[in-house]
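As structure tokens, the structure follows; a few thoughts come after it.
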Number of protein chains: 2
Amino acid sequence: MLNELPLPDLAATSAALPIPEEETEVLAAIRKHGALSRTDLVRITGYSRPKMTLIVGRLVQQGILREVGEGESQGGRRPRMLHFDTSRGYVAGVDLGATSLSVALAELSGTILERRTEPADVRDKPPLILDRVCALLLEMIQARGIDATNIKAIGMGVPGPVQFSTGRLIAPPLMPEWDGYPIPATLRETFPMARIVVDNDVNVMALGELRGGGGVGVENFIVVKIGTGIGGGIVCHGSVYRGSDGCAGDIGHICVDPHGPVCRCGNVGCVEALAAGPAIAARGVEAAQSGSSPLLLARMQTRGGHLTAEDVGAAAAAGDRIAIGIVQDSGRMIGEALAGLVNFFNPRLILLGGGVANIGHQLLASIRQTVLRRSPPLSTKDLRIDYAALKLDAALIGAITLALDHVFV
Amino acid sequence: MLNELPLPDLAATSAALPIPEEETEVLAAIRKHGALSRTDLVRITGYSRPKMTLIVGRLVQQGILREVGEGESQGGRRPRMLHFDTSRGYVAGVDLGATSLSVALAELSGTILERRTEPADVRDKPPLILDRVCALLLEMIQARGIDATNIKAIGMGVPGPVQFSTGRLIAPPLMPEWDGYPIPATLRETFPMARIVVDNDVNVMALGELRGGGGVGVENFIVVKIGTGIGGGIVCHGSVYRGSDGCAGDIGHICVDPHGPVCRCGNVGCVEALAAGPAIAARGVEAAQSGSSPLLLARMQTRGGHLTAEDVGAAAAAGDRIAIGIVQDSGRMIGEALAGLVNFFNPRLILLGGGVANIGHQLLASIRQTVLRRSPPLSTKDLRIDYAALKLDAALIGAITLALDHVFV
């Protein structure tokens, strides 16, 4: 389940390796409680004493944990306490969006030390963007005197379908140049000791929400990112569910109207073609040009003939009836797609994120109404639909979490 | 996760109890390999020796396992072998369909000893049908001299949404009389020592396919039952996924045409209203009455003015163009709903079961074509869509598996 290996045969082997969950549990416990003794860890995780000695030994050897002094005696020898070896290990999180690139440097405890964001065009060739990822991260570590070999893991979210076992994008519509490109091998040239884990941006958001956002403690939920496209991240039985090929959650191309427009995927009536940012903007332009919304026309004139989904949202917030209708229609169609998923998956929670999710309360209201109307009472009785708690940071925090989850290997 | 307790507060407590997976693993190993020693079980399950002694002790005490002699020595003392205590324990499986009731008696090894099937109308009041369940099972055990207290568990599949934690149906459209009825408590009056586990019929089918059908060894798959209605059973990470309220898989009311007919659920364009058995039959009647299919008209006349989905399937098999078109349309609409789920869930396998699934190869072909056309290449590359392996027995075998999984508690 790790994806830093460049060669297909090795990658296949790597995919078959089980994730050492014991290490994850130990690190999670220390992240939560602070320094702990081996005895504490035995109590918290339920593993046997000899097994814990083995796990801790591996983590110390890899420079992830170290002994940081002695704790309170419980009657016998004072126990040696374990904490993250912050002198030797760091992780990085990378959030590649359609138009921007963010990189964060964090301690093994998960504390973010610094972050950088700059504009980026995801349609650029991979070497260009990956060079920028490396440059931003190198700038941050060099200023702190950290060596590149101390980066133990890099988690990266990308806006396209990822084969999780190899870390490669597969036929990504927004970034065709990246199809099959070996991101992990490329980043390893600069950060040779780092595990590189690439995942779809919405899975990364879901992981962030699960560990530190609105999904903490929720067993089954869906994160929906509404922006240029529409994507979903699934948490099932308390962990991110990626499906059989790593491409679960591709909800933008669910059909909500068989008589609808043709989508860029070639099919008809996809919810993304009808309800994502570009569709909202296009309907706004239509309303401006037809004269039905003077407010949108005025806004379009100040924008040099263009409108964004956010402009339509602002007009809706200002009370423009036509703009409100556009936002509601978008919410209704997203709600139709989500209702089908609620029937199928019976989640406890749906979290909405992405730039377009926040264009107005009518969107959320309309999604809620549609799901309540279309899904059976037992499924919606305790279902909550809300905004993602981490907002724009979800993907970056999720990327760091992804790195932390794989740092021990 | 057990559902035999009648009182809501107790049921809530029971729902919070974790399933002792250790016992399940031990029983599964013996079911697979036959008699095993404690040492074998330690090797197969990976549990420690003291833990295994504890688990086996509990199972022997409950009359589920017993020592059956000595095995081959591996150098030391000859090990005592463990097998099912068939003299003390049995399980039953119940499959309640819309128009029939099947009950099977099985050994703890899973071997079916006998089964009985009779017509039943699921719209009847629960006591009437549950009396028949008890009567059929009592007949079978009395003929074998088995006492009712030796029935250790009863697994029951029912055609409606079940709150798995309490074993009650919640607002079941096909069987409104059963809403909230305490099935577990009722059956316990006759079989006081039995754990009663009630689940949706398609979940039960999925469990049967997972353990002994087309889903053996498949991590993520969906079972689709096409009959009077359309339902789904989900296997996720190798176990049946029931969702947050136990009602996951309710796929019959996914909308495939917002301009379609009104469904009995009150919504518009549900796949069930457009493509399940009654819709196929109704379109067949239409084609007969309009004169467009003389073959269907002739068949309808011999049927006293009625047609079933099977009749339309038979006409399609005989080459009737109109009937072929009806079957294909149904497959296309089911395929549209499934394509959305493939995008979302990225399963490795979809298995089709239920009476209508077998009305003709055009149905399967059309479902396959639609999913291939509508879902992204990465999701369909290794996706298999096929008939359920267990055919009509899936539900009964699944019900017995459900009982076996809970027999140890």
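Some observations on this one:
- Taking a Cβ cut-off of under 13 Å around residue A:364, the surrounding Lys, Arg, Asp and Glu residues balance to a net charge of +2, with basic ones at +1 and acidic ones at -1.
- Given chain B, longest segment not containing exposed loop trypsin sites (Lys or Arg not before Pro) (DSSP; at most 14 other Cβ within 10 Å): B:145-263
- Charge tally around residue A:84: other residues with Cβ under 11 Å, Lys/Arg +1 each, Asp/Glu -1 each, net +2.
- Cα-Cα over 26 Å, subset of A:381/B:152; B:32/B:152; B:32/B:225; A:381/B:381; B:225/B:381; A:225/B:225: A:381/B:152; B:32/B:225; A:381/B:381; A:225/B:225
- Relative contact order (%) - criterion: Cα under 8 Å, at least six apart; region: the stretch A:217-388: 23
- Residues whose amide H comes within less than 5 Å of that of residue A:385, counting only those at least five positions distant or on another chain, are A:350 (H built at 1.01 Å from N in the peptide plane).
- In sequence order, the stretch A:83-96 has phi-based couplings of 8, 5, 7, 5, 6, 10, x, 9, 10, 10, x, 10, 10, 9 Hz under the Karplus curve 6.51 cos²θ - 1.76 cosθ + 1.60, θ = phi - 60°, and Gly or Pro positions carry x.
- Per residue of peptide B:332-343, the mean number of Cβ atoms on other chains within 10 Å of the residue Cβ is 4.
- Ascending list, in nanometres, of distances separating the residue B:237 label from those of the other copies (7 Å, Cα toward Cβ): 0.5
- For the stretch A:23-39, backbone phi angles converted through the Karplus equation (6.51, -1.76, 1.60; θ = phi - 60°) give residue-by-residue couplings of 4, 4, 5, 5, 5, 4, 5, 5, 4, 7, 9, x, 4, 9, 8, 4, 5 Hz, Gly and Pro being listed as x.
- Simple spin-label estimate for residue B:384 and residue B:123 gives 4.0 nm between the two label positions (7 Å along the Cα-to-Cβ direction from each Cα).
- Using the rule -39500 (n - 2.57) for each DSSP H run of four or more residues, divided by the residues of chain B, the 222 nm mean residue ellipticity is -13000 deg cm²/dmol.
- Take residue A:193, move 7 Å from Cα toward the beta carbon, and the resulting point lies 6.3 nm from the same point in each other copy, nearest first.
- Amide H to amide H, with H built 1.01 Å from N, residue A:114 comes under 5 Å of A:105, counting only residues 5 or more places away or on other chains.
- Using only alpha-carbon positions in the protein assembly as shown, the gyration tensor eigenvalues give semi-axes of 45, 41, 22 Å once each is multiplied by 5 and square-rooted (largest first).
- Computed FRET value (nearest 0.05) for residue A:318 with residue A:99, which takes r as the C-beta separation and R₀ as 25 Å: 0.45
- When Rg and the Kirkwood Rh are both derived from Cα coordinates, the Rg/Rh ratio for the stretch B:218-388 amounts to 1.00.
- Each residue, residue B:216 and residue B:114, gets one label point 7 Å from its Cα in the Cβ direction; the gap between the two is 2.8 nm.
- Highest-MSF residue in chain B out of B:141, B:397, B:226 [GNM, Cα springs under 10 Å]: B:141
- 3J(HN,Hα) along the stretch A:46-63: x, 6, 6, 4, x, 5, 5, 4, 5, 4, 4, x, 4, 5, 5, 4, 7, x Hz, from the Karplus curve 6.51 cos²θ - 1.76 cosθ + 1.60 with θ = phi - 60°, whole Hz, x for Gly and Pro.
- Each copy carries a label point for residue B:171 at 7 Å from Cα toward Cβ; from one copy, the others' points are 3.8 nm away, ordered from shortest.
- Under-5 Å amide H pairs with residue B:36, H placed in peptide plane, nonlocal only: B:82
- Distant alpha-carbon pairs in the stretch B:62-162 (separation over 18 angstrom), percent: 55
- Rel. contact order, % - alpha carbon contacts under 8 angstrom, at least six apart, chain B: 16
- Taking chain B as a Gaussian network of alpha-carbon nodes connected by springs under 10 Å, the highest mean-square fluctuation of the residues B:159, B:126, B:261 belongs to B:261.
Each reported figure results from applying straightforward, stated rules to the coordinates on display, with no laboratory input. Everything numeric in this text was worked out from a predicted model, so none of it was measured. A quick note on method: Cβ atoms are made from the backbone with ideal geometry, for glycine too, and the neighbour counts reach across all protein chains shown.
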